[in-house]
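Only one structure is covered here, and it is reproduced in the block below.
The values are calculated or read from the model by the stated rules, or taken from the named source; none is laboratory data. If you're wondering where the values come from, they're calculated on a predicted model, not measured in any experiment. Methodologically, a virtual Cβ is constructed for each residue, glycine included, from the backbone with ideal geometry; neighbour enumeration extends over all protein chains shown. Surface areas here come from the heavy atoms of the whole protein model, side chains and all, with no ligands, DNA or RNA. Shrake-Rupley method; radii C 1.70, N 1.55, O 1.52, S 1.80 Å.
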Amino acid sequence: MQTSINALTRSAQFTQLRVEGRVLHVTLNRPQVLNALHPQAHFELAHIFDAFAADCDLWIAVVRGAGDRSFCVGTDLKVRAEKGRDEYPPSGFAGLTHRFDLDKPVIAAVNGLALGGGLEIALACDLIVAAEHAQFGFPEPRVGLAAMGGGVHRLVRQLPDKVAMGLLLTARHFSAQEAMAYGLVNEVVPLEKLDSTVQTWVEDMLACAPLALRATKQVARRNLDYGTLAEAIRAEYPAAEKMQESRDAMEGPRAFAEKRAPVWQGR
């Protein structure tokens, strides 16, 4: 039986959850270790994103870190050293990096360090808004590891080859401004404006039909699985089919004709 967001809000130990209208705010809440994650946190987050995906009333998620120093610095290395291995749910680091069937938009509000798995979380989100002091990087090689939670795969797809390889093979940190220049983040703002800037992105999304956004995300992500443009265009996309048959697909043109704002139902 699927656990509800309300139940998870009460039981969560390593995250803080807040629902505002159609938006789920997820705060990684281990500030004493700069929001590094251990197995219990990964599985908790997996349940949270399972519940978010299943909840028809929730349309967008925002992920941030507790405090103003760190978004997430990746794996809690002390716990890993004790266990001798990493433990993740099937949906990956933070229950998100291997989750390829989530068609609802997810925004990363990067409020500080996003290193290792923290950067993997951010790259797995659809949009990234970063505070000016944020730092990014994959430092894993300096502790004998590699960014195998999807970080290497995503970085070489999202950056020019030499830029990606330079960052990966040196384990260097790079600034929010550099990330913006690389095209990895959507906006860089002072920390005090981070929440309001994220809210602006959220409001622009909420002005759109939620099923249209899910169809757009599914097509944008899955079309890359096909070898040619023709194959991608001819492919079937379930979210697009659901959108076409929805009440919202009728509401949008009707509202336009009646010169009023549409009232989206998500169905």
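Matching the structure-derived Cα extents along the principal axes in Å against the labelled list [x] 59, 46, 38; [y] 49, 44, 36; [z] 51, 44, 32 gives the label [x]. For the chain, the relative contact order works out to 14 percent when only alpha carbon pairs closer than 8 Å and six or more residues apart are counted.
By the scheme Lys and Arg +1, Asp and Glu -1, what is the net charge of all other residues having a beta-carbon under 12 Å from that of Gln177? Spell out each step's value before the answer.
Working: positive: none; negative: Glu132, Glu178, Glu187.
After counting each charged neighbour, the total is -3.
Per the Kirkwood definition applied to all pairs of different Cα atoms, how many angstroms is the hydrodynamic radius of the range 178-217? Spell out each step's value before the answer.
Numbers: mean 1/r = 0.0850 Å⁻¹.
With all distinct Cα pairs of the range 178-217 included, I get 11.8 Å.
Applying Stokes-Einstein at 10 °C and 1.306 mPa s to the Kirkwood radius of the range 119-251, computed over alpha-carbon pairs, gives a translational diffusion coefficient of 93 µm² s⁻¹.
Its Cα centre serving as origin, the chain has a Cβ charge dipole (Lys and Arg +1, Asp and Glu -1) of approximately 180 debye.
Loop-located chymotrypsin sites (Phe, Trp or Tyr not before Pro) across the range 177-243 with a Cβ neighbour count of 16 or fewer within 10 Å are Tyr226, with loop assigned by DSSP. Highest average first, the peptides 207-215, 124-132 ordered by how many other beta carbon atoms sit within 10 Å of their residues are 124-132, 207-215.
For Ser70, the residues whose modelled amide H falls within less than 5 Å of its own, excluding neighbours fewer than 5 places apart on the same chain, are Leu113.
Mind giving me the FRET efficiency for Thr3 and Arg267? R0 is 25 Å, r the Cβ-Cβ distance, nearest 0.05 is fine.
Values: r = 23 Å, r/R0 = 0.90.
So, using R0 = 25 Å, E works out to roughly 0.65.
Arrange the peptides 82-94, 58-70 so that the one whose residues have, on average, the most other Cβ atoms within 10 Å appears first. Show your work: numbers first, answer last.
Details: 82-94: 16.3, 58-70: 21.5.
Going from most to least packed, we get 58-70, 82-94.
Note on the range 1-87: with neighbouring protein chains present and a 1.4 Å probe, carbon and sulfur make up 48 percent of its accessible heavy-atom surface. Once the Cβ-Cβ distance of Gln13 and Arg172 is raised to the sixth power relative to R0 = 22 Å, the FRET efficiency obtained is 0.05.
Shape summary of the range 1-85, radius of gyration then Dmax from alpha carbon positions: 13.4, 42 Å. Accessible surface for the range 1-89, divided over its residues, is 49 Å² per residue with a 1.4 Å probe. For Val62, which sequence-distant residues (separation of 5 or more, or a different chain) have an amide H within less than 5 Å of its own amide H, given hydrogens modelled in the peptide plane? Excluding prolines and chain starts, which carry no amide H, the hits are Leu24, His25, Val26, Ile107.
Each part gets one Cα centre, and for the range 18-94 versus the range 210-242 those centres are 28 Å apart. Counting every C-alpha pair in the range 1-51, the share spaced more than 19 angstrom apart comes to 22%. Our analysis of the range 33-168 gives Rg over Rh at 0.95, with the two radii drawn from alpha carbon positions and Rh computed by the Kirkwood formula. Rounded to the nearest 10 degrees, the inclination of helix 194-206 to the longest alpha-carbon principal axis of the chain is 30 degrees. Taking Cβ atoms as reference points and 11 Å as the exclusive limit, the residues near Leu28 contribute a net charge of +1, counting Lys and Arg as +1 and Asp and Glu as -1.
Dipole of the chain computed with +1 at Lys/Arg Cβ and -1 at Asp/Glu Cβ about the Cα centre; of Thr200, Ser11, Val188, farthest Cα towards the positive end is Ser11. Relative to the current alpha-carbon distance between Gln158 and Val33, full extension at 0.36 nm per residue lengthens the span by 42.1 nm.
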